[in-house]
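The values are calculated or read from the model by the stated rules, or taken from the named source; none is laboratory data. Note that the structure is predicted; figures quoted are calculated from it, not measured. Counting neighbours? That spans all protein chains shown, and the Cβs are built from the backbone with ideal geometry, glycine included. SASA here: full protein model, heavy atoms, side chains in, ligands and nucleic acids out. Shrake-Rupley method; radii C 1.70, N 1.55, O 1.52, S 1.80 Å.
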Amino acid sequence: MLHGLMMQMPLAISSLIRHADRHHGDAEIVSRRVEGDIHRYNYRDLHRRARQMANALKGLDVKLSDRIATLAWNGYRHMELYFAVSGSGAVLHTINPRLHAEQIAWIANHAEDSYLFFDLTFLPIIEAIAGHCRTIKGYVAMVDRAKMPAQSKVPNLICYEDLIDSHSDRYDWPEFDENLASSMCYTSGTTGSPKGVLYSHRSTILHTYAAALPDALNLSARDVILPVVPMFHVNAWGLPYVAPMVGAKIVMPGPNLDGKSLYELFEAEKVTCSAGVPTVWQGLLAHVEANNLRFSTMKRTVIGGSACPPAMLRTFEEKYGVQVLHAWGMTEMSPLGTACTLKEKHMHMSPEQRYPTQYKQGRVIYGVDMRIVGDDGGDLPWDGKAFGDLLVRGPWVLRQYYKGEGGDPLVKDAEGRTWFPTGDVSTIDPDGYMQITDRSKDVIKSGGEWISSIDIENIAMSHPAVAMAACIAAKHPKWDERPLLVVVRKPNAELTREQLLAHFEGKVAKWQIPDDVAFVESIPLGATGKMLKAKLREQFKDYKLPTA
Ligand code: ADP
């Protein structure tokens, strides 16, 4: 055996910020702060303050692999922690502040966090959980001395800017095994109790390389990126790592995620691309449409987390000239799995010819492998029609949950290779474009036939009077389950059950048309902005469908 004679350099998250400092030192990081103002500095400043914070962590006696929690919006201080914590060998544990206080305390105890950094918005949560978090030694408020809460019940409350100010910026990032844990995120628990996913330096850097590729997020030093997707959920889809790798300017929206605030920031900072879940874009589009506005610099946006309704994709492209990049992933995949970029052959097609491809979740990003299997575990054809359980593998795909929760999640193929079952049901077409038809728990099983809830929702969303739609299974004496469409109307819009059901005719087979429509004021959303269908199913469990 002959080994290659190349340098051995462990992949390390600290290398990203060192690189950005040296090669893109003056590229800006602009943040709308909880304090209400706009803060701006650059990668050089970010690196300096991350080094000061790394020294501060040492001063707090934070050791290798200690878990450091954050409850914070997208902002420069949060980004400093991304590098200070992971770069110094500790584990950055981002917690979703939209979870219930009880769940947050449960997660902090399960992860055995030693410090918790938080934005002032979340002081009430900290006050509620502090008495229940068994391992947390101190709570760091991410503000300066002047903004510190005057009186607080929180034990060992520390000021972030005091920590920075009292420490030197002389710090050498340590080298360690690239498989060392760097960060962790709990699954949002849309379909079960939260489980910890523990990323490594290696998995993060490989994911960052792949995410930056032209057929993935396609980011460069010429971009201004505004991540709406939160840094508290799956590392904002990797953007806080990709931006320093490529030297992109980054714009952080802080707590203001409404359409008006986002639009103003897009325009003021000349944002070229963004990323977020469909519900966020709904708010933005509503604002832009109501005020007859245009995007002057926005070229494209990544939409994922839930299926992007085709109507949204078309509105962005046709009305505003913004290209939508539909992407799919999950917490267990760091999160990117596929992105829907076109191939050369699509470039000669009319929009109507290429849209069906663009509506799909896309092709795998190099590094990820996928397959679809039937009930017997056998491979299904890539014909764009057969659908089955989607399995993935790759160097940034989870092998096991933190502390082994849930047992061994992987399955083996005939050759003994291990695969992670995603819990999604999908098709794959001959060009390798994957399309999620459903989460396995959301599929509607009508008399042995499967109805895709996503298909039904997409059609409902294409009706101009529909603001939001969820399709769930309702019990049926004959068919076992039948689709029930739960709908929120647009403000002041009129829409009847009959009108909406007529809208389905000719778009799907007759037996796939929902049996009924229930109009509601709102649909419950989870902590990451996804519709909570489990809650809806509970709400409508005794619903009587009309009998034909
Ligand atoms: P959780 O599973 O805890 O809700 P994740 O953010 O990890 O949180 O969600 C991953 C799941 O979200 C995927 O397995 C898939 O069901 C869904 N998902 C993500 N992106 C898309 C997309 N573009 N289209 C449809 N579903 C998506």
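In percent, how large is the relative contact order of the stretch 444-539, given Cα pairs closer than 8 Å and 6 or more residues apart? The partial results should precede the final answer.
Working: 154 pairs, mean separation 25.6, N = 96.
In percent, rounded to a whole number, it is 27.
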Exercise. Where only protein heavy atoms count, and the probe is 1.4 Å, what is the accessible area per residue for the chain in Å²?
Worked result: 43 Å²
For this session: Please list the non-local residues whose amide H lies under 5 Å from the amide H of R489, H modeled 1.01 Å from N, same-chain partners needing a gap of 5 or more.
Result: A467, V520
Exercise. With axes computed from alpha carbons, what is the tilt in degrees of helix 14-24 against the longest principal axis of the chain, rounded to the nearest 10 within 0 to 90?
Worked result: 90 degrees
Exercise. Rounded to a whole number, what is D in µm²/s for the stretch 444-539 from Stokes-Einstein with the Kirkwood radius over alpha-carbon pairs (25 °C, 0.890 mPa s)?
Worked result: 180 µm²/s
For this session: Could you please state how large a percent of the accessible area of the chain is carbon and sulfur, counting protein chains only and using a 1.4 Å probe?
Result: 51 percent
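Ranked from highest to lowest mean number of other Cβ atoms within 10 Å per residue, what is the order of the peptides 82-91, 246-255? It would help to have the intermediate numbers written out before the result.
Working: 82-91: 26.9, 246-255: 23.8.
Highest-to-lowest ranking by the protection proxy: 82-91, 246-255.
Among 460-466, 228-234, how do they line up from the highest to the lowest mean number of other beta-carbon atoms within 10 Å? Display every interim value, and only then the final one.
On the way: 460-466: 18.3, 228-234: 24.7.
Highest-to-lowest ranking by the protection proxy: 228-234, 460-466.
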For this session: Could you work out how far helix 259-268 tilts from the main Cα principal axis of the chain, as a 0 to 90 degree angle to the nearest 10?
Result: 60 degrees
For this session: Could you tell me how many degrees, from 0 to 90 and to the nearest 10, lie between the Cα long axis of helix 76-87 and the main elongation axis, the longest principal axis, of the Cα atoms of the chain?
Result: 70 degrees
Exercise. Just how large is the dipole of the stretch 3-46 about the Cα centre, in debye to the nearest 20, putting +1 at every Lys and Arg Cβ and -1 at every Asp and Glu Cβ?
Worked result: 120 debye
Exercise. Classify the stretch 14-207: rounded, prolate or oblate, from the alpha-carbon gyration tensor (a ≥ b ≥ c, eigenvalue square roots; a/c under 1.5 rounded; otherwise prolate if a/b is larger than b/c)?
Worked result: oblate
Exercise. Amide H to amide H, which residues 5 or more places from G305 or on other chains are under 5 Å from it, using H placed in the peptide plane?
Worked result: G329
Problem set entry | Long-range amide H partners of K249 with built H, under 5 Å | D223, I225
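As a test, work out the antiparallel percent of DSSP beta bridges whose residues both lie in the chain, rounded to the nearest 5. Mind showing how you got there, number by number?
Values: 48 of 88 bridges.
In the chain, approximately 55 percent of DSSP beta bridges are antiparallel ones.
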Exercise. Which aspartates and glutamates does K510 reach when only Cα atoms under 15 Å apart count, and residues fewer than 8 places away in its own chain are ignored?
Worked result: E449, D455, E498
Exercise. How high is the relative contact order of the chain, in percent, counting Cα pairs under 8 Å that sit 6 or more residues apart?
Worked result: 11 percent
Exercise. Going by average Cβ neighbours within 10 Å, how do the peptides 312-319, 237-244 rank, with the highest at the top?
Worked result: 237-244, 312-319
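Just to be sure I understand: of the beta bridges DSSP finds with both ends in the stretch 14-207, what percent are antiparallel, rounded to 5?
On the way: 10 of 29 bridges.
Of those bridges, close to 35 percent are antiparallel.
Where a ≥ b ≥ c are the square roots of the eigenvalues of the C-alpha gyration tensor, would you call the stretch 101-216 rounded, which needs a/c under 1.5, or, failing that, prolate if a/b is larger than b/c, or oblate?
oblate
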Exercise. For the chain, what class follows from the C-alpha gyration tensor (a ≥ b ≥ c being the square roots of its eigenvalues): rounded when a/c is under 1.5, otherwise prolate if a/b is larger than b/c, else oblate?
Worked result: prolate
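Where in the stretch 59-155 are there GluC sites (Glu not before Pro) that are in a DSSP coil and have at most 11 other Cβ atoms within 10 angstrom of their Cβ? If you can, show how the numbers build up before the last one.
Values: sites: E80, E102, E112, E127; in loops: E112.
The qualifying sites: there are none.
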